[in-house]
């Protein structure tokens, strides 16, 4: 399933966090420039995601002891300790690939050749923006889980824990990453670089990671369950 | 068979005449001439799913494992009326198949399946590699070409009738595949790209750009497939029609895909689909079929629509049209265009230095400034005896694509260099130039024909530049005879009547202007271009002479001028001429740009330094920090506050009473040290460090400009080579290091990102560089860092290596063999200082 998101706001404190901000005094000029680049990034971006939900087919162990989660109707294997824990007792697995588009990538390249401070600011804004788009994609998966009467944990991306980067090619293939314009380099880097892939576990039981209240949920702004008068907590 | 004999002059698509095509039969020949319709098939993937064949990782392998089912699918399309069936080879490249099967075996099996269906024609399908090409990605153009060439040879050997290169989003990749097909087979080649709803491919190419570029480069049909439903495809494919010098095709999806209960659904039903395609046929599309979600029912419906119809005539634009990957520049007869001349080292010290050092910042700024000043095409020349022109030109063109949407003009005297540059250029460039010398024409004109470029022809031959208008016409005629013979459209041929100095021969200007008028009259369709500045050679106040001459040339029929658009006088002539000629309708642009302008003489000298337009000055730049009056304290304050706006004036004040070394060593460097200290202490964060670096740079630039005016040598400390290693495309950290090193007086040779170890090592060896900085952001690219260091230690043992980047730490640095680890940019500057100091002591 392909989805597009309208994102017109990025959390400024989040952008500053990516820039390593620790409460320093900032000149009004630099402040204005940061706002300009955030705005510039939002205008340039085209957040789009591809999502799928798989049934967990089985769990096995390779000869070397690595745990593997197998998904129904898919050659994708989610291997390692991180996945064993993250998907322990999961009945389904949601997966998504999200990107804010090649326009942002081109702009990053242009700034890399023209103005390095603007590049740094724009890059931080783009990182915050793609995380925001990932929140939106995750919200869609939470809603899908809710339709099945299931609870989710949180998104987990290749390269974190011991989920190998080698998961990227089959994962993107299953998600139709090329439809989003996402391609991989031989070193398994995604282009556009401001893209995220992740898997989310879906469970019959409420998860400890489930938010106790909606107020601080990062997916709050994109939630599709609350408008129906319910929450993902049940 | 040479199909051109059967074509109707009304729609003569000449592009494929350059090579003799192997065309299966008379009907296909008429299709290629735009005289018959051609019906393709529909989707393969969704049909496989319907038959319960799990697509799995590589649906192409089904040709080997389930050939009967594949034949059945083809058969159903043939029964529905498909004239062409598309072999199941979309992803059959060595890159995607890996060890699963050989490219040759898959094509052999797939084409056999297609052939078995009894289809009139079998198209070999070639899809994208799935890896992004340079410069945005990492796959070199030549490697993509090789992957495609292997597919082309396999398909030809297996007995395909034509190629369909499809679902391309990257014009560079589409061009690589097209060239691979043309150069490894003589079968017809159709190319379709895929567009998003905003009317651009993922990489920003428009339908006009795709049509002009690919049809010029020899595609036998161009078009659109996949991604969108027929309603969305229709307006996009219609935008291709005026710019495609070949038939245009469309294979839409059955609407936009939608997921329901794990299945992909397409909502547009056959009747609706065919209705929308009928509109495309009315507009001039002549080759149709379906993509994802379509089935034999859709094709049968299309067949009904084609019954008893013949293609409608098509209006083609006769503009000169060239293109960057994102933008078409088209010039109708009667309009005038501006080609920016500044990216050329001839007589420009700054350009020379930039090209020799490999530090292209100044060149990029020049490109941006020219674009802002009204250039519509950028001339690019890297002809310096002391550098590798070919490599430099390629690198420059790749970088320019990153910062400007303008089409490029490849300016070189060496045919091999021209070929390398135009071959991989993702667009339709101008070649500058050929001339009337037989040898040059034989070397350069075929390149323009083969790669689909516009071409400039200089009116000079073995006997030199003729002094008369008639002599110029004769050479132009010679050139145009050749371009005609190669089927290069007249509107892609641009004659340069060559301006000569009025001071040495006062009859020259008249002859040049008459020459332009004669060429335009006697060789209908061709365009004229002129680099005007020679005319004023030897005269005072040259800009005035140039401008007057340019106005005269426009009146004589000049179409394009190669000028410095930053010279106000020249832009003034262009802008006013556009009013007088009617090009600027209702003088709208003129009024917008000139209302309120006074007639005071412009004080912009010919080489006025241009500001970096990408870097807006800080607001309120005239005030200084805290009302400080001592310029030294003021300058230090500005650096620390990171405010570059007032910097040039303050430094100029300092230089009024001190020398350059004082300004550097007593003002800027101490301020930068203070900034570095604050950064280390955490009272500054990274953007502040960089804003300070920018402010300091503004100061250094002022000092440099004054020093070069005075002819004084600049105080540089030494050269440092930096890059992000092979496989890694993160360059922010590297760029920060570069900024700071330059501030501290080092010449930085920036090799860029994703840099091959040997290329980096070669640069260090060639320029005998003493310090190298390597950056890596990912664990996966650390081995590439180790390889680079090993090469350096082996081939450049004098060079000390500093490493940094997110995945590095001191232990890791030691492990990869680095001499130093730097945790950030300030530390890199410090280490460089120590190394050069130690080096000076040794020496």
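The values are calculated or read from the model by the stated rules, or taken from the named source; none is laboratory data. None of these values were measured; they are calculated from a predicted model. Ideal geometry is used to build each Cβ from the backbone, glycine not excepted, and the neighbour counts take in all protein chains shown.
Which condition does residue A:199 not pass, out of (1) assigned to a helix (DSSP H, G or I); (2) in contact (Cβ under 8 Å) with a residue 40 or more places away in the chain, if it passes all the others? Residue A:199 satisfies every listed condition except (1).
If you filter segment B:337-367 down to residues that are touching a helix residue (DSSP H, G or I) at 6+ places or on another chain (Cβ under 6 Å) and assigned to a loop (DSSP other than H, G, I, E, B), you find that the one that is modelled with the lowest pLDDT is B:360.
Taken as a whole, the condition of being modelled with pLDDT of 90 or more, assigned by the TED database to the domain that holds residue B:769 and part of a helix (DSSP H, G or I) does not apply to residue B:697. In summary, residue B:375 fulfils each of the numbered conditions (1) outside any loop (DSSP other than H, G, I, E, B); (2) within 18 Å of the chain's Cα centre (by Cα) with the single exception of condition (1). Is it the case that residue B:114 is at pLDDT 95 or above, over 16 Å from residue B:185 (Cα atoms) and part of a loop (DSSP other than H, G, I, E, B)? The answer is no for residue B:114. Taking segment B:794-813 as the range and being assigned to a helix (DSSP H, G or I) and either at pLDDT below 95 or in the same structural domain as residue B:672 (by the TED database) (or both) as the test, the residues that pass are B:810, B:811, B:812, B:813.
Is it fair to say residue B:321 is under 25 Å from residue B:427 (Cβ atoms) and under 36 Å from the mean Cα position of the chain (by Cα)? Step through it out loud before you land on a result.
On the way: under 25 Å from residue B:427 (Cβ atoms): yes; under 36 Å from the mean Cα position of the chain (by Cα): yes.
Against the criterion (under 25 Å from residue B:427 (Cβ atoms) and under 36 Å from the mean Cα position of the chain (by Cα)), residue B:321 qualifies.
Taking segment B:65-75 as the region of interest, how many residues are under 40 Å from the mean Cα position of the chain (by Cα) and surrounded by fewer than 17 Cβ atoms within 10 Å (Cβ to Cβ)? Going through segment B:65-75 one residue at a time, the tally reaches 0. Here B:778, B:739 are screened, and the one residue that is within 14 Å of chain A (Cβ to nearest Cβ), in contact with a helix residue (DSSP H, G or I) (Cβ under 6 Å, 6 or more places away or on another chain) and in contact (Cβ under 8 Å) with a residue 12 or more places away in the chain is B:739. Just one of the listed residues (A:10, A:15, A:91, A:56) is under 30 Å from residue B:738 (Cβ atoms) and more than 13 Å from chain B (Cβ to nearest Cβ), and it is A:10. Could you tell me whether residue B:633 is over 39 Å from the mean Cα position of the chain (by Cα), modelled with pLDDT under 90 and not assigned by the TED database to the domain that holds residue B:838? No, not satisfied.
For segment B:676-693, give me each residue that is more than 7 Å from chain A (Cβ to nearest Cβ) and within 15 Å of residue A:33 (Cα to Cα). Quick ask: steps written out before the conclusion?
Within segment B:676-693, the subset more than 7 Å from chain A (Cβ to nearest Cβ) is B:676-681, B:689, B:692-693.
The answer is B:689, B:692.
When restricted to residues that are more than 13 Å from chain B (Cβ to nearest Cβ) and under 25 Å from residue B:645 (Cβ atoms), segment A:18-42 contains 2.
Among the strands (runs of 3 or more DSSP E) confined wholly to segment B:156-245, which include 3 or more residues that are within 14 Å of chain A (Cβ to nearest Cβ) and either touching a strand residue (DSSP E or B) at 6+ places or on another chain (Cβ under 9 Å) or under 23 Å from residue B:483 (Cβ atoms) (or both)? Write out each step before concluding.
On the way: elements: B:162-168, B:189-193, B:221-225.
Ranges flagged: B:162-168.
Just wondering, is there one or more residues in segment A:137-149 that are without any contact (Cβ under 8 Å) to a residue 40 or more places away in the chain, assigned to a helix (DSSP H, G or I), buried (at least 21 other Cβ atoms within 10 Å of the Cβ) and within 14 Å of chain B (Cβ to nearest Cβ)? The answer is no, given that none of the residues of segment A:137-149 is without any contact (Cβ under 8 Å) to a residue 40 or more places away in the chain, assigned to a helix (DSSP H, G or I), buried (at least 21 other Cβ atoms within 10 Å of the Cβ) and within 14 Å of chain B (Cβ to nearest Cβ). Restricting the first member to segment A:114-130 and to residues that are at the interface with another protein chain (Cβ under 7 Å from one of its Cβ atoms), and the second to residues that are surrounded by fewer than 24 Cβ atoms within 10 Å (Cβ to Cβ) and not in a helix (DSSP H, G or I), the beta-carbon pairs closer than 6 Å and six or more apart or on different chains are A:114/B:614; A:115/B:614; A:115/B:615. Scanning segment B:414-428 for residues that are buried (at least 21 other Cβ atoms within 10 Å of the Cβ) and part of a loop (DSSP other than H, G, I, E, B) yields B:425, B:426, B:427.
The set of residues from segment A:190-230 being at pLDDT 90 or above and within 28 Å of residue A:105 (Cβ to Cβ) comprises A:190, A:191, A:192, A:193, A:194, A:195, A:196, A:197, A:198, A:199, A:200. Assessment of segment A:59-75 against the conditions (within 13 Å of chain B (Cβ to nearest Cβ), in contact with a helix residue (DSSP H, G or I) (Cβ under 8 Å, 6 or more places away or on another chain) and not in a strand (DSSP E or B)) yields at least one matching residue. The requirement of being under 22 Å from residue A:16 (Cα atoms) and modelled with pLDDT of 95 or more is satisfied by residue A:122. Restricting to segment A:159-193, name every residue that is assigned to a loop (DSSP other than H, G, I, E, B), within 12 Å of chain B (Cβ to nearest Cβ) and under 14 Å from the mean Cα position of the chain (by Cα). The answer is A:159, A:182, A:192, A:193.
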